[in-house]
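Below: the structure, in structure tokens.
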Amino acid sequence: MIFAFGCAYLLKRYRSLSKSPIGCALIFCMATISYLFAEYNKKSGIIAIMACGMIMSNYAWYNLSPQAQQSSMVIFKTLGHLVEGFVFTYIGLTFNLYRQYKYSSSLIKFLFFSTIVTRAIGTFGVFYLSTWLRKDQKSEKQLSC
């Protein structure tokens, strides 16, 4: 949180940062520093970078110029696609390493059905709970399959 609010403060206070490519680099560097700081202190780096990104998307991103906002969106989408490709390539390459282990078909079936059931409860339960708690009942929407 400190790094995200620090980045937002720097972009708001020093407007020259937000009008140049340095603003995009500052956002990327602050998120990376928050990850490294959390990992160094034996905390969850993933949670740190997620919280930093959520806070910066609400505060720091709006302090960028429109060109820098567009550039940062393109850069982070590209990086996201690259990392996603790396993860799935890594999974595919290491798949053969686990062929020596025995698979439990009953465990796979149990996990599959429990995932389906909990996803359905989460989706439909949260939808109906939110419509029940909503104060404006006139615009009630129906949930279709």
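Hey, does segment 7-16 have a residue that's within 19 Å of GLY80 (Cβ to Cβ) and either in contact with a helix residue (DSSP H, G or I) (Cβ under 7 Å, 6 or more places away or on another chain) or modelled with pLDDT under 90 (or both)? No.
Whether a residue is assigned to a helix (DSSP H, G or I) and either of a type in the set (Ser, Thr, Tyr) or surrounded by 11 or more Cβ atoms within 10 Å (Cβ to Cβ) (or both) was assessed, and TYR62 passes this test. Within segment 28-41, is even one residue of a type outside the set (S, T, N, Q), assigned to a loop (DSSP other than H, G, I, E, B), in contact with a helix residue (DSSP H, G or I) (Cβ under 6 Å, 6 or more places away or on another chain) and surrounded by 16 or more Cβ atoms within 10 Å (Cβ to Cβ)? Scanning segment 28-41 turns up no residue that is of a type outside the set (S, T, N, Q), assigned to a loop (DSSP other than H, G, I, E, B), in contact with a helix residue (DSSP H, G or I) (Cβ under 6 Å, 6 or more places away or on another chain) and surrounded by 16 or more Cβ atoms within 10 Å (Cβ to Cβ). Taken together, MET50, MET56, MET73, MET30 contain a single residue that is assigned by TED's automatic domain parsing to the domain that holds LEU10, under 19 Å from ALA8 (Cβ atoms), out of contact with any Lys or Arg (no Cβ under 7 Å at 6 or more places or on another chain) and touching a residue at least 40 places away in the same chain (Cβ under 8 Å), which is MET56.
The values are calculated or read from the model by the stated rules, or taken from the named source; none is laboratory data. Please read these numbers as outputs of a predicted model, since none were measured by experiment. Glycine gets a Cβ as well: all are built from the backbone with ideal geometry, and neighbour counts include every protein chain shown.
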